[in-house]
Amino acid sequence: MFIYNITLKIDNDIEAEWLLWQKEIHIPDILNTGLFYDYRFFKLLEQDEPDGKTFIIQFYAEDKTLCEIYLSQYSGKFEKKACTGGAVNSLHFNPCLSLCNNCE
């Protein structure tokens, strides 16, 4: 399993609107690429940040090639959409991960 991980810090002033946009538009758009079979949406707990909250969205792919296709053909377009709406006001990073239950 390979995971495309998005971590973002969202301004408190736009949190409710951003959450709705993620659930109704952005996440379905990414899933509609056909490269990911599932996702998980997390909110970082125990935050003491008056300027925003941190969220993590993980998209699951069957193999590394699908993550690479997403990164090369789609991620720039989706990042522009996120930034155009003012959704990302500070911290964000997007690594690809691999499941490593039995890594040595």
Exercise. Quick check, is Ile57 at pLDDT 90 or above, open to solvent by less than 80 Å² (accessible area, probe 1.4 Å) and touching a helix residue (DSSP H, G or I) at 6+ places or on another chain (Cβ under 9 Å)?
Worked result: yes
For this session: Answer with yes or no whether Ile6 is β-branched (Val, Ile, Thr) and more than 19 Å from Leu71 (Cα to Cα).
Result: no
Seminar exercise, completed: Here the residues within region 32-49 that are open to solvent by 50 Å² or more (accessible area, probe 1.4 Å) and at pLDDT 90 or above are Asn32, Gly34, Tyr37, Asp38, Tyr39, Arg40, Phe41, Phe42, Lys43
Exercise. What are the residues in region 16-30 that are of a type in the set (A, V, I, L, M, F, W, C) and open to solvent by 50 Å² or more (accessible area, probe 1.4 Å), if any?
Worked result: Ala16, Leu20, Trp21, Ile25
Exercise. Given (1) loosely packed, with under 11 Cβ neighbours inside 10 Å; (2) at pLDDT 90 or above, where does Gln73 come up short, assuming only one miss?
Worked result: (1)
Problem set entry | Conditions (1) open to solvent by 60 Å² or more (accessible area, probe 1.4 Å); (2) in a strand (DSSP E or B); number of the one not met by Asp13 | (2)
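The values are calculated or read from the model by the stated rules, or taken from the named source; none is laboratory data. Being a predicted model, the structure only gives us computed values, none of them experimental. Note that each Cβ is placed from the backbone with ideal geometry, even for glycine, and that neighbours are counted across all protein chains shown. When the accessible area is computed, the model is the full protein with side chains, heavy atoms only, and any ligands, DNA or RNA have been set aside. Shrake-Rupley method; radii C 1.70, N 1.55, O 1.52, S 1.80 Å.
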